[in-house]
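Before any comments, here is the structure.
The values are calculated or read from the model by the stated rules, or taken from the named source; none is laboratory data. Just so we're clear, the structure is a prediction, and the values are computed from it rather than from any experiment. Cβ atoms come from the backbone with ideal geometry, glycine included; neighbour counts cover every protein chain shown. These accessible areas exclude ligands, DNA and RNA; they are computed on the full protein's heavy atoms, side chains included. Shrake-Rupley method; radii C 1.70, N 1.55, O 1.52, S 1.80 Å.
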Amino acid sequence: MKVVDFNEHLFRCSQLGKLMVGVSPALTANQEKELSDYREKVVNGKITDKQLIKMGDLIRKKKRNLFYQKALKRIYLIFTRDSS
């Protein structure tokens, strides 16, 4: 999946709802626990290759959502600053 940096783009207020679709907690409570368990296994040296791949997927999912949240926060600040 190609990630596009929209930090320098402006969006119409009417389209903000389309951008916010999918903004939710990065990981569910079960996924957070699973990630924590995988990190513990890494420390203990008892993680399998399959678990390591799953751990990487969970970390990627968490970071991707943080990227979207930061971009939306910047858009919100731009719109609130311009409307003042």
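Some points to look at:
- Only protein heavy atoms count here; under a 1.4 Å probe, Leu10 has an accessible surface of about 130 Å².
- With R₀ set to 25 Å, the beta-carbon distance separating Leu52 from Ile78 gives a calculated FRET efficiency near 0.05.
- Three semi-axes describe the equivalent ellipsoid of segment 37-84; taken as square roots of 5 times the Cα gyration tensor eigenvalues and ordered largest first, they are 39, 9, 4 Å.
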